[in-house]
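Report on one structure; see the data block that follows.
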Amino acid sequence: MALRRLEKTGLLLPDTLATFIEELVAKGAYATESEVIVSALWEMRQRSIPYEQIREELREDVLEGLEDVKTGRTKSLEEVLCSLPVKPSIK
């Protein structure tokens, strides 16, 4: 993979990413190379927050389910299927 240093930021990036950043600045989407990178990092941070929250909620649900199994609070598949308002077609 060929690397290239962005002139204004001094970052060493793969050619494809360096070109992409330079094109965004040239098109006027961003004022500077640094602005592109800061924007990308903020977006990554925003995406990671919900992911972490979802992961923690799922972890809690799994632990609750495991506790239900340990204490015998379970239902058979037949009981679950019968309790559904719309009966699935099982083939």
Check: Only one residue in 3, 13, 24 is surrounded by 12 or more Cβ atoms within 10 Å (Cβ to Cβ) and at pLDDT below 90, so which one is that?
Finding: 13
Next item on the list: Output yes when any residue across region 36-58 is out of contact with any helix residue (DSSP H, G or I) (no Cβ under 6 Å at 6 or more places or on another chain), within 30 Å of residue 1 (Cβ to Cβ) and touching a residue at least 12 places away in the same chain (Cβ under 8 Å), and no when none is.
Entry: yes
Margin query: Please go through (1) aliphatic (A, V, I, L, M); (2) touching a Ser or Thr at 6+ places or on another chain (Cβ under 7 Å); (3) surrounded by fewer than 16 Cβ atoms within 10 Å (Cβ to Cβ) for residue 40 and return the number of the only condition it doesn't satisfy.
Written below: (2)
Next item on the list: Would you check which residues across region 70-91 are of a type in the set (Val, Ile, Thr) and surrounded by fewer than 10 Cβ atoms within 10 Å (Cβ to Cβ) and list them?
Entry: 71, 86, 90
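The values are calculated or read from the model by the stated rules, or taken from the named source; none is laboratory data. The structure displayed is predicted, hence computed values, not measured ones. Don't worry about glycine lacking a Cβ; one is built from the backbone with ideal geometry, like all the others, and counts go over all protein chains shown.
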